[in-house]
Amino acid sequence: MCRLYSLNKTEQIIRGLAPLIRGISSDYSVPEALIKAVLYREIKEIDLMDILVDAVVGNRMLSSLLHRTDSSTGYGQIFSWVAIDALHFAEERGFENAANLGLPTEHPLSKNSPEDRRLVWLRLHNDREFNLRMSALNLLSCASEMTGKTDFSAMNEEELKRTLSRYNADTKQVTAYGEETFGYYLRYLRGGI
């Protein structure tokens with residue numbers, strides 16, 4: 001695979017996002033180091049295939065022809081249906097709502113609606129802040145699902161690894177992704193990378 005960003009460029013991107021990450025962290029009480037760890041893991045792996053799939057999904061005709069209506073996109077590499085689930089979780093828990101994010105409120109967004117998925121995918125793809133907010137809300141949703149908690153400071157290492165694993169896959173177990181990303185989290189906690 002031909003990756004788009006070197007490790008140095010990935011670090012540079014995250015440093016440039018620091019004020020935005022700080023604000024999102026404050027808004028949702030998701031540690032900056034956790035957001036940065038996920039972003040580092042995702043950004044450094046973005047490759048040409050990601051760009052090609054995004055191009056297909058972004059083109060309505062190709063999307064219909066190739067039956068590809070969703071893809072992980074943006075720095076958080078998040079699917080629209082995942083973002084919709086994370087938003088519903090956030091609304092139920094009072095963390096966020098569709099109106100605050102500039103999303104339509106005449107009906108609840110549905111991950112089963114092609115129109116809603118497309119609307120959210122376009123925002124994830126084109127709006128960096130929205131993408132990072134949905135990634136942070138997904139971390140909260142994953143944490144709740146995996147640990148029953150949304151207070152990251154109350155989680156042990158195993159719970160954080162399971163939360164990070166869940167961000168990437170529908171699993172209840174710690175995966176290699178969770179282990180790797182937890183290592184980045186520790187490095188960011190110590191001011192590294």
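Val82: accessible area at probe 1.4 Å, nearest 10 Å²?
Probe radius 1.4 Å; accessible area of Val82 about 30 Å².
If I compute solvent accessible area with a 1.4 Å probe over the protein chains, what percent of it on the chain is carbon and sulfur? Could the numbers behind the result be given before it?
Details: 4780 of 9510 Å².
Heavy-atom surface of the chain belonging to carbon and sulfur, 1.4 Å probe: 50 percent.
For Asp47, what residues show an amide H to amide H distance below 5 Å, using hydrogens built from the backbone and excluding near sequence neighbours?
Distant-sequence amide H within range of Asp47: Leu4.
For region 26-87, what does the equivalent ellipsoid look like in terms of its semi-axes, each the square root of 5 times an eigenvalue of the Cα gyration tensor, given largest first in whole Å? Mind dumping the intermediate values first?
Values: eigenvalues 140, 44, 8 Å².
They are 26, 15, 6 Å, listed from largest to smallest.
What does the net charge come to around Gly102 if you take all other residues with beta carbon closer than 10 Å to its beta carbon, with K and R at +1 and D and E at -1? Numbers along the way, then the final one.
Numbers: positive: Arg123; negative: Asp127.
The answer is 0.
Can you give the relative contact order of region 21-131 as a percent, counting alpha carbon pairs under 8 Å and 6+ residues apart?
Working: 102 pairs, mean separation 25.3, N = 111.
The value is 23 percent.
Report Rg/Rh for the chain, rounded to two decimals, where Rg is the Cα radius of gyration and Rh the Kirkwood radius.
Values: Rg = 16.1 Å, Rh = 16.9 Å.
Value, to two decimals: 0.95.
Compute the accessible area per residue over region 69-138, keeping the other protein chains in place, probe 1.4 Å, unit Å². Walk me through the numbers on the way to the answer.
Details: 3110 Å² over 70 residues.
Ligands and nucleic acids excluded, the result is 44 Å² per residue.
If you stretched the chain out fully between Thr175 and Arg190, how much longer would it get, using 0.36 nm times the residue separation minus the C-alpha to C-alpha distance? Intermediate values should be presented prior to the final figure.
Numbers: separation 15, 0.36 × 15 = 5.40 nm, distance 2.31 nm.
Extra length available between Thr175 and Arg190 comes to 3.1 nm.
Spin-label point model (7 Å from Cα, Cβ direction): what's the Cys2 to Leu65 distance in nm?
Modelled inter-label distance: 2.2 nm.
Please report, largest first and rounded to whole Å, the three semi-axes of the ellipsoid equivalent to region 129-190, where each semi-axis is the square root of five times an eigenvalue of the C-alpha gyration tensor. Before the final figure, lay out each step's value.
Details: eigenvalues 48, 41, 31 Å².
With the √(5λ) rule applied to region 129-190, the semi-axes are 15, 14, 13 Å.
Write down the radius of gyration of region 26-134 and its Dmax, each obtained from C-alpha positions, in Å.
Expressed in Å, the Cα Rg and Dmax of region 26-134 come to 14.1, 42.
At a probe radius of 1.4 Å, what is the per-residue accessible area of Ile84, in Å² to the nearest 10?
Using a 1.4 Å probe on the heavy atoms, I get roughly 0 Å².
How would Ser72, Ser153 line up by accessible area, probe 1.4 Å, largest first?
Details: Ser72 25, Ser153 105 Å².
Order by accessible area, largest first: Ser153, Ser72.
So what's the projected area for region 76-187, the Cα convex hull averaged over all directions, in nm²?
Value for region 76-187: 7.1 nm².
The values are calculated or read from the model by the stated rules, or taken from the named source; none is laboratory data. Being a predicted model, the structure only gives us computed values, none of them experimental. Every residue, glycine as well, gets a Cβ built from its backbone with ideal geometry; the counts of neighbours run over all protein chains shown. What goes into the accessible areas is simple: the full protein's heavy atoms, side chains included, and nothing from ligands, DNA or RNA. Shrake-Rupley method; radii C 1.70, N 1.55, O 1.52, S 1.80 Å.
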